[in-house]
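These notes concern the structure reproduced below.
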């Protein structure tokens with residue numbers, strides 16, 4: 001049996017190109033197909049204009065790790081065409097999805113024409129480049145797909161939107177658009193194995209989509225050393241939420257919990273770091289939340305450093321990176337099972353039921369008022385994070401990929 005060789009295909013710089021870099025370091029990367037980056041192909045030439053354009057500066061920051069560069073194939077012209085179409089489209093989510101799927105299919109066909117070389121497997125991210133997946137399957141490659149968020153997310157958010165009208169625009173019928181391109185779900189019908197970042201994602205695949213348990217493995221993510229290196233300086237009573245303030249992440253349940261605590265405890269400060277729409281921030285129930293807006297990535301560690309407790313009452317994630325960052329910063333975490341975190345209930349923080357503002361408020365109050373408990377959880381949180389670095393993620397991922405049959 002010949003050794004496994006992987007083609008990795010994804011758009012953007014997902015986790016700093018971690019997957020192709022990990023496979024390249026193990027001698028298991030055949031090729032890496034992506035849209036565009038700043039140090040390979042035409043993107044390298046375009047990135048020279050970084051001082052004159054924010055867009056080109058963002059492109060220049062997308063740098064494929066050196067072991068991967070020579071194996072990278074990019075498709076910048078198709079990406080430029082997609083960007084052009086996006087500039088003139090309406091604000092409709094339906095039109096965005098249609099444009100995005102058109103682009104994904106074009107990229108996939110171009111990648112397939114570039115060939116598969118000596119590859120035995122294709123590693124895909126959530127069904128990206130679906131035409132490449134289909135071509136690889138026809139060529140006899142085994143398909144390994146990372147599912148980095150609950151597949152049930154759209155249904156969950158739609159249900160929540162009906163319960164809380166006026167918070168977000170009504171959900172649109174995205175499935176109809178997908179059927180314009182493919183009669184069946186390429187991700188589910190073509191994948192031989194699934195890599196999931198959490199039990200929550202794996203359980204969703206098994207119980208909601210009929211995936212065989214033996215075909216889905218859990219590989220948790222990692223955290224940057226920056227968060228492990230900083231010195232905690234918690235401000236008593238400071239409750240931190242990081243992420244887009246929307247229904248999916250449960251911002252409305254945090255608002256309800258804050259209202260309850262306003263009548264039960266003093267000295268609490270609820271800080272929300274992340275994008276927020278006016279339809280959310282203007283809700284009367286959010287009056288106790290301090291919306292900071294988007295905090296730059298190179299500054300967000302300061303928010304974790306001064307937090308007393310971190311809260312993410314989310315309804316649908318894959319494995320929320322902010323929970324790893326909070327643990328690494330030595331901050332107790334209150335979240336839900338749907339966060340897909342590695343938080344251990346009553347050890348590093350608390351796991352509360354989704355959609356339960358009473359349980360959320362009780363957990364916040366308990367940790368902030370019981371300082372001995374808070375300090376034990378903070379110590380345990382930082383110790384827990386030590387086992388979830390990006391280096392450990394690489395080891396776990398390779399271990400799973402080496403088990404996938406040829």
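Bear in mind these aren't lab numbers, they're just calculated from the coordinates by the rules spelled out. A quick note: this is a predicted structure, and the numbers were derived from the prediction, not measured. Don't worry about glycine lacking a Cβ; one is built from the backbone with ideal geometry, like all the others, and counts go over all protein chains shown.
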- Message: Take residue 387 and residue 347, extend 7 Å from each Cα along the Cα→Cβ direction, and tell me the distance between the two endpoints in nm.
- Response: 0.6
- Message: Let me make sure I get this right: for segment 215-274, a, b and c are the square roots of the gyration tensor eigenvalues over alpha carbons, sorted descending. Under 1.5 in a/c it's rounded, otherwise prolate if a/b > b/c, else oblate. Which is it?
- Response: oblate
- Message: Suppose only helical runs count, i.e. DSSP H with n ≥ 4. What mean residue ellipticity at 222 nm does that imply for the chain under -39500 (n - 2.57) per run, divided by all residues and rounded to the nearest 500 deg cm²/dmol?
- Response: -13000 deg cm²/dmol
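What length, rounded to one decimal in nm, is gained on full extension from residue 73 through to residue 95, with 0.36 nm per residue of separation minus their alpha-carbon distance?
Result for the pair: 5.1 nm of gain on full extension.
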- Query: In the chain, how does Rg compare with the Kirkwood Rh, expressed as the Rg/Rh ratio over alpha carbon atoms?
  - Reply: 0.97
- Shape call for segment 155-311 from the C-alpha gyration tensor, a ≥ b ≥ c root eigenvalues: rounded (a/c under 1.5), prolate (a/b greater than b/c) or oblate? oblate
- When a/c is below 1.5 the answer is rounded, else prolate if a/b is larger than b/c, else oblate, so apply that to segment 135-221 with a ≥ b ≥ c taken from the square roots of the Cα gyration tensor eigenvalues. oblate
- How far apart, in nm, are the 7 Å Cα→Cβ label points at residue 58 and residue 285? 3.2
- Note on the structure: In degrees, nearest 10, the alpha-carbon axis of helix 93-114 is tilted away from the dominant principal axis of the alpha carbons of the chain by 40
- Residue separation times 0.36 nm, minus the C-alpha to C-alpha distance between residue 206 and residue 181: what's the value? 6.5 nm
- Message: On C-alpha positions alone, give me the angle between the axis of helix 357-369 and the longest principal axis of the chain, in degrees, nearest 10.
- Response: 70
- Ranked packing of 243-254, 226-237, most packed first, by mean Cβ within 10 Å: 243-254, 226-237
- Query: Hey, what D do you get for segment 92-148 in µm²/s if you plug the Kirkwood alpha-carbon radius into Stokes-Einstein at 20 °C and 1.002 mPa s?
  - Reply: 181
- Projected-area average for segment 225-387 over all orientations - Cα convex hull basis, square nanometres: 8.2
- Task: Starting from the Cα of residue 102, step 7 Å along the direction of its Cβ; do the same at residue 235; then give the gap between the two resulting points in nm.
- Result: 4.8
- Note on the structure: Between the Cα axis of helix 199-209 and the main Cα principal axis of the chain, the angle (0 to 90°, nearest 10) is 60
- Item | Potential lengthening between residue 373 and residue 171 on full extension [0.36 nm per residue; Cα-Cα distance subtracted] | 68.6 nm
